[in-house]
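Enquirer: Please see the structure below; I have some questions.
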Amino acid sequence: MSFSTDKPMDIFGKNWDNHEIRFETEWKKIVRNEDTVVIPGDISWGSNFEEAYADLKFINDLPGHKLIGKGNHDYWWATMNKLTNFKKEKKLDNIDFLFNNAYFADNRIICGTRGWINEFGVKREDEKIIKREAQRLELSLKEGLKLKEDHPDGELTVFLHYPPVFGEFINYDIVDVLYRYNVGKVYFGHLHNVREEQLDKEYIGIKLQLVSCDYVDFKPVEVV
């Protein structure tokens with residue numbers, strides 16, 4: 001979203017014209033107040049809470065409870081303490097943040113982190129970020145296992161911003177964590193203007209699904 005900044009979304013293509021109207025229309029066709037919706041990052045072009053507030057308020061006021069993860073453009077993101085305080089201050093009661101934690105919803109245990117990918121080759125600094133993100137994913141999944149004690153039938157389901165596998169790029173650190181915790185399905189965003197045949201739908205038994213707005217035609221995807 002870009003309600004408080006002058007950065008247009010149509011840099012990702014003409015299908016982003018009037019995106020906020022399409023987003024809201026499709027959302028209200030499908031999502032009920034009792035539903036939980038996970039949004040895996042890139043919520044706002046804002047670089048701080050003040051700039052991101054209008055975008056978050058727009059999402060907060062839509063039906064359902066939202067779990068928001070971090071994307072690579074979410075420069076407004078902060079520590080969990082600051083995020084929580086901001087949410088309380090602005091009364092964003094229908095939003096929670098997916099950040100080194102986990103949530104139970106609709107017989108799913110929701111875990112995740114941003115992840116990382118460098119389409120132009122992994123550099124030394126990228127390796128540090130990737131290992132840190134793998135550690136954060138593991139923290140989230142450990143919290144998920146705690147929830148599983150009270151919800152033994154709950155299925156661990158992971159949401160990342162970056163794809164763990166895309167073409168020749170395989171984020172082995174992230175994939176290793178997914179495999180060790182027996183995660184069966186991963187939802188991710190980040191990619192725009194990709195063709196169906198470019199996507200890996202499964203890797204070592206882990207199902208992968210892209211849910212970027214333009215890929216799903218702005219329609220919320222049911223987690224099954």
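The values are calculated or read from the model by the stated rules, or taken from the named source; none is laboratory data. All values derive from a computational prediction rather than experimental measurement. Cβ sites come from the backbone with ideal geometry, for glycine too, and all protein chains shown count toward neighbours.
Enquirer: Of all residues in the stretch 184-203, how many are in contact (Cβ under 8 Å) with a residue 12 or more places away in the chain and in contact with a strand residue (DSSP E or B) (Cβ under 9 Å, 6 or more places away or on another chain)?
Expert: 13
Enquirer: For the stretch 114-145, give me each residue that is acidic (Asp, Glu), modelled with pLDDT of 90 or more and not in a helix (DSSP H, G or I).
Expert: Correct list: empty.
Enquirer: Just one of (1) closer than 19 Å to Leu98 by Cβ; (2) of a type in the set (Val, Ile, Thr); (3) in a helix (DSSP H, G or I) trips up Val186, so point out which.
Expert: (3)
Enquirer: Condition first: closer than 17 Å to Arg180 by Cβ and either in contact (Cβ under 8 Å) with a residue 40 or more places away in the chain or in contact with a helix residue (DSSP H, G or I) (Cβ under 9 Å, 6 or more places away or on another chain) (or both). Now tell me which residues in the stretch 121-153 satisfy that.
Expert: Ile130, Lys131, Glu133, Ala134, Gln135, Leu137, Glu138, Ser140, Leu141, Glu143, Gly144, Lys146
Enquirer: In this structure, is His192 surrounded by fewer than 18 Cβ atoms within 10 Å (Cβ to Cβ), farther than 24 Å from Tyr103 by Cα and not acidic (Asp, Glu)?
Expert: Spelling it out, His192 is indeed surrounded by fewer than 18 Cβ atoms within 10 Å (Cβ to Cβ), farther than 24 Å from Tyr103 by Cα and not acidic (Asp, Glu).
Enquirer: Looking at this structure, is Lys219 under 18 Å from the mean Cα position of the chain (by Cα), within 30 Å of Lys29 (Cβ to Cβ) and outside any loop (DSSP other than H, G, I, E, B)?
Expert: No.
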